[in-house]
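Inspection log for the structure reproduced underneath, given as C-alpha cells.
The values are calculated or read from the model by the stated rules, or taken from the named source; none is laboratory data. No experiment lies behind these values; they were computed from the predicted model shown. In this analysis, Cβ positions are derived from the backbone assuming ideal geometry, glycine residues included, and neighbour counts consider all displayed protein chains. SASA here: full protein model, heavy atoms, side chains in, ligands and nucleic acids out. Shrake-Rupley method; radii C 1.70, N 1.55, O 1.52, S 1.80 Å.
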Amino acid sequence: MNYDIVPLNELINQFARLPGIGKKTAQRLAYSILEQPPERAHQFADALVNARDQIHFCKCCQGLTDLEICRICDDEARDHTVVCVVEEPRDITAFERTREFRGVYHVLHGVISPLDGIGPEQLRVKELMARLSDGTVKEIIMATNPTVEGEATASYLSRLVKPMGIKATRLAYGIPVGGDLEYADEFTLARALEGRNEI
C-alpha cells in the first residue's frame with residue numbers, strides 16, 4: 001500500500017528543483033512550510049507568485065525590476081557616464097553591498113561560451129551597444145567572472161567599444177584580504193601582479 005502524501009511530495013519535488021537544493025533540504029523546507037500558520041504559508045505563496053508576475057528586465061540595464069526603468073538607472077545622482085557590465089542580475093546586488101560604486105550597470109545574462117552554444121547574439125550585447133551609441137558613457141567596467149568565458153566576453157566587448165572612444169577597464173583580481181600566498185593559484189597571482197597599485 002502506498003502511504004505517500006501527494007501534496008507534500010509535490011511540494012518537496014518543487015523545492016528540489018531549485019538550484020543548490022537537494023532532496024533532504026527540500027524535505028526540511030516543505031515540513032517547515034507545513035509547520036507555519038496557514039496565513040504565513042499563504043503570504044509565502046503570494047510573495048512567490050507576485051515576484052514571478054511583477055518582476056521583469058529593466059528596459060535600460062536589463063537588470064531585474066518591478067518598474068519600467070529600475071531605481072538605479074532612474075537615479076540622477078548616479079554617474080551615468082560609467083557602466084559596470086556584469087554577467088547576472090545578482091552581481092548588481094554584490095556591488096551595491098559595497099556602497100562604493102556610484103555608476104550604473106548593464107546585465108549580459110551570461111557569457112560567451114561556444115561549447116554551450118552561447119554567442120554574443122544570445123546575450124544582451126545589442127542592448128549594451130544601443131546604450132553606448134548616444135555618447136553619454138565614457139567608461140565601461142568589465143566585471144565578468146575571472147573564468148575563460150568571462151575573460152573572452154570582456155575581451156570581445158572591449159574590442160567592440162574601443163572604436164567608439166569609450167574607455168574599457170577590467171576589475172582587478174588578486175589575493176583576497178586575509179589570504180595566504182602559499183594557497184593562491186598561478187592565475188590569481190598573475191592577476192594580482194597586473195592589478196598592483198602604488199602605495
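The set of residues in the range 46-64 being among the β-branched types (Val, Ile, Thr) and under 22 Å from Leu108 (Cβ atoms) consists of Ile55 alone. Taking the range 81-93 as the range and being under 14 Å from Leu64 (Cβ atoms) and either among the small types (Gly, Ala, Ser) or open to solvent by less than 60 Å² (accessible area, probe 1.4 Å) (or both) as the test, the residues that pass are Val86, Glu87, Glu88, Pro89, Asp91, Ile92. Ala168 passes every criterion in (1) within 14 Å of the chain's Cα centre (by Cα); (2) at pLDDT below 95; (3) not in a loop (DSSP other than H, G, I, E, B) apart from (1). If you check Val161 against the conditions, is it closer than 22 Å to Lys59 by Cβ, in a helix (DSSP H, G or I) and among the β-branched types (Val, Ile, Thr)? Criteria met by Val161.
Answer yes if at least one residue in the range 22-42 is closer than 25 Å to Val161 by Cα and surrounded by 13 or more Cβ atoms within 10 Å (Cβ to Cβ), and no otherwise. No, the range 22-42 has no match at all.
Just for helices (runs of 4 or more DSSP H) wholly inside the range 3-84: which have at least 3 residues that are under 30 Å from Gly150 (Cβ atoms) and without any contact (Cβ under 8 Å) to a residue 40 or more places away in the chain?
Details: elements: 6-16, 23-35, 38-54, 71-74.
Per the criteria, 71-74.
Being part of a loop (DSSP other than H, G, I, E, B), at negative phi and of a type in the set (Gly, Ala, Ser) is the filter here, so list the residues in the range 130-150 that pass it.
At the first step, the residues of the range 130-150 found to be part of a loop (DSSP other than H, G, I, E, B) are 133-138, 143-147.
From what is left, the residues that are at negative phi are 133-134, 136-138, 143-147.
Ser133, Ala143 - these are the residues of the range 130-150 that are part of a loop (DSSP other than H, G, I, E, B), at negative phi and of a type in the set (Gly, Ala, Ser).
Whether any residue in the range 129-136 is modelled with pLDDT of 90 or more, charged (D, E, K, R) and open to solvent by less than 70 Å² (accessible area, probe 1.4 Å) is what I want to check. Yes: the range 129-136 contains one or more residues that are modelled with pLDDT of 90 or more, charged (D, E, K, R) and open to solvent by less than 70 Å² (accessible area, probe 1.4 Å).
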